[in-house]
Amino acid sequence: MDRCIVLVDAGYLLGAAASLLAGEPSRSRITVDHTALIQGLRERAESDTERPLLRIYWFDGAPDRVPQPEHRRLRVMPRVTVRLGALTRSDGRWAQKGVDAAMHAELTELARNRACSDIVLVTGDGDLLPGMMAAKEHGVAVHLWAVQAADGDYNQSEDLVAEADERRVLDRTWITKAVRAKELGGICAPPPAPRPEIAAILSAPLPDSALAAAERPVEEREHRAPAAATENGTQERVPAPKGVPTPKDLAALRGPGAHSAHPASATLRWSSDKGWVDRPGATAEPPEIASMPTLAQLTTAEQRWADREEDITTVGGDPYEVGQVFARRWMERLGDQSHLQKLSGMYPRIPHRIDGELLRYAARFGLLAHKDDQIDEHDRYAIRAGFWREIDVRTAAEHAPAGE
């Protein structure tokens with residue numbers, strides 16, 4: 001067949017690009033415009049081979065082979081197929097497993113089935129040499145592309161270079177059309193884009209009792225620190241809060257003798273990737289909150305299938321976007337709109353059942369940190385900020401005067 005196929009070893013392409021542009025092979029040192037990169041690969045392949053493109057295969061590693069946000073964006077692009085191997089950590093370094101084997105299998109299968117006349121390989125691994133030789137024996141022309149090396153030499157296997165029919169180098173000018181280095185004075189990660197919604201959540205006011213306690217002089221707070229009764233009936237001094245009260249400080253303020261609208265039996269809750277979790281013996285939530293339905297309760301089997309289809313083909317996996325999508329679905333399916341008003345008044349806290357469901361939904365998009373299977377703190381803020389943004393837009397539209 002007179003057409004070309006491109007097989008990309010993403011670890012090699014992006015690692016070599018990072019070495020060239022940032023001085024080290026860490027992919028965290030670069031930002032990638034995947035749309036521009038795929039378009040550049042397609043145009044270059046069709047120009048070099050003088051054949052129309054059939055498909056680009058993108059081979060990469062991922063923890064437990066779970067697609068990361070970049071893989072989700074890539075696999076819905078036209079003419080792009082993503083193949084994932086495992087990504088494992090050893091001696092403090094990440095390593096791909098199974099990517100070379102997958103490339104070798106795809107290369108030999110395409111050549112054996114005569115699916116194309118030309119194959120472009122973007123890789124430097126000598127393990128693909130047998131596959132390259134097999135493809136040539138089936139009459140396929142093999143084009144080997146290298147990324148310009150930082151030291152000006154090839155960063156590929158010498159045997160692979162010698163066996164290729166055609167060779168090209170993707171130089172700095174070509175690479176920088178889609179890839180750039182992060183330049184932040186030694187900081188690898190770029191500062192997140194300004195999110196006023198996240199800033200609003202972080203700066204949300206504390207309860208009046210907590211603010212009053214935090215604003216009192218330290219000496220006064222020490223003398224007024226509430227006492228808690230121990231099991232033997234004696235009074236035990238509760239440490240006074242310093243600066244911004246912690247959850248433990250707030251619980252003490254709400255204990256016996258504290259002037260607060262909250263009951264003395266108020267308990268602590270904390271947020272995790274599983275949502276707000278009650279400690280044993282915790283009191284139940286108020287009825288108006290406990291009766292608030294989750295998205296799962298509002299979703300039919302048909303809608304669940306459509307949601308999954310949209311997640312796969314449309315939702316890119318940006319934490320802020322994920323929160324927006326979840327909130328939009330919840331509001332669209334909500335029958336009793338009084339729940340929306342109650343929720344809006346709870347800002348910035350999301351009821352723990354809905355919050356847990358939101359974070360579990362976000363985990364589908366590969367947002368779990370590899371080190372402890374927890375969603376990154378900044379991502380959690382972004383997810384919730386996207387959720388509240390959609391709620392705010394909806395409630396603002398409902399309260400807008402007619403005709404606006």
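Cβ under 13 Å from Asp307's Cβ, Asp307 left aside: what net charge do those residues give with Lys, Arg +1 and Asp, Glu -1? Net charge in that neighbourhood comes out at 0. Taking θ as phi - 60° and the Karplus parameters 6.51, -1.76 and 1.60, the scalar couplings of the stretch 96-109 work out to 7, 10, x, 6, 4, 5, 5, 5, 4, 5, 5, 4, 5, 5 Hz in sequence order, x denoting glycine and proline.
Between Gly85 and Asp60, Gly61, Ala62, the built amide H atoms are under 5 Å apart, and every one of these is 5 or more places off in sequence or on another chain.
Of the listed peptides 314-320, 3-9, 352-358, what is their order by residue-averaged count of other C-beta atoms within 10 Å, with the highest listed first? Don't jump to the answer; show the numbers that get you there.
On the way: 314-320: 17.9, 3-9: 23.9, 352-358: 20.0.
My ranking of the peptides, most packed first, is 3-9, 352-358, 314-320.
Residues Thr299, Thr313, Thr49, Thr88 in ascending order of nearby Cβ atoms (within 10 Å, fewest first): Thr313, Thr88, Thr299, Thr49.
Loop-located GluC sites (Glu not before Pro) in the stretch 1-96 (DSSP state other than H, G, I, E, B) with a sparse environment of at most 14 neighbouring Cβ atoms within 10 Å: Glu50. Amide H contacts of Val169 (H built 1.01 Å from N, in plane; Pro and chain starts excluded): Ala146 sit under 5 Å, all sequence-distant by 5 or more or on other chains.
Note: relative contact order over the stretch 59-172, using C-alpha pairs below 8 Å and six or more positions apart, is 19 percent. Spin-label pair Arg79-Thr35: with each label point 7 Å from Cα along the Cα-Cβ axis, the two points sit 1.7 nm from one another.
With 0.36 nm allotted per residue and the present C-alpha distance subtracted, the Glu309-Thr176 stretch has 44.5 nm of extension available. For the stretch 4-181, taking the reciprocal of the average inverse distance between every pair of different Cα atoms yields a Kirkwood hydrodynamic radius of 16.3 Å.
A short reminder: the numbers here are calculations on the coordinates, not readings from a lab. Note that the coordinates shown come from a computational prediction; the quantities given were computed from them, not determined experimentally. Don't worry about glycine lacking a Cβ; one is built from the backbone with ideal geometry, like all the others, and counts go over all protein chains shown.
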